[in-house]
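**Q** Input: one structure, supplied below.
No value in this document is a laboratory result; all are computed from the given coordinates. The structure displayed is predicted, hence computed values, not measured ones.
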Amino acid sequence: MDIEDFIGSLRQVLDGGTVVDPQVVRQLLRRNSDPLARLSTRELEVLGLIAQGHSNAAITRLLVVSEATVGKHVGNIFAKLDLPPTEDSHRRVLAVLAYLRTIDR
């Protein structure tokens with residue numbers, strides 16, 4: 001940002017306006033279009049292992065964590081991907097499909 005841009009932004013704020021960095025806007029828009037952006041690094045790792053067909057027990061052994069920890073990560077994944085429990089769908093499959101759609105881009 002050069003001095004003229006800064007002064008213009010400062011004047012805009014002083015006049016009661018707001019200034020938002022375009023890079024911040026781009027990241028926010030990208031985050032909304034990518035459902036996996038809500039997941040932590042560990043949750044993405046767990047989802048990747050689920051996508052490879054691993055059970056929670058297998059993920060427990062691979063990551064050297066407790067089964068309760070893996071269950072917590074899986075629950076967080078479902079919540080962050082907006083996958084509530086229903087009788088009509090399999091959340092694990094839906095989570096993997098979301099993962100594959102994003103990875104495929």
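**Q** Which residue fluctuates the most in the chain, going by a Gaussian network model with Cα springs under 10 Å, if the choices are 95, 51, 68?
**A** Highest fluctuation of the listed residues: 68.
**Q** Just one of (1) 14.3; (2) 16.4; (3) 15.0 is Kirkwood radius over Cα pairs in Å calculated from these coordinates, so which is it?
**A** Calculated Kirkwood radius over Cα pairs in Å: the matching label is (2).
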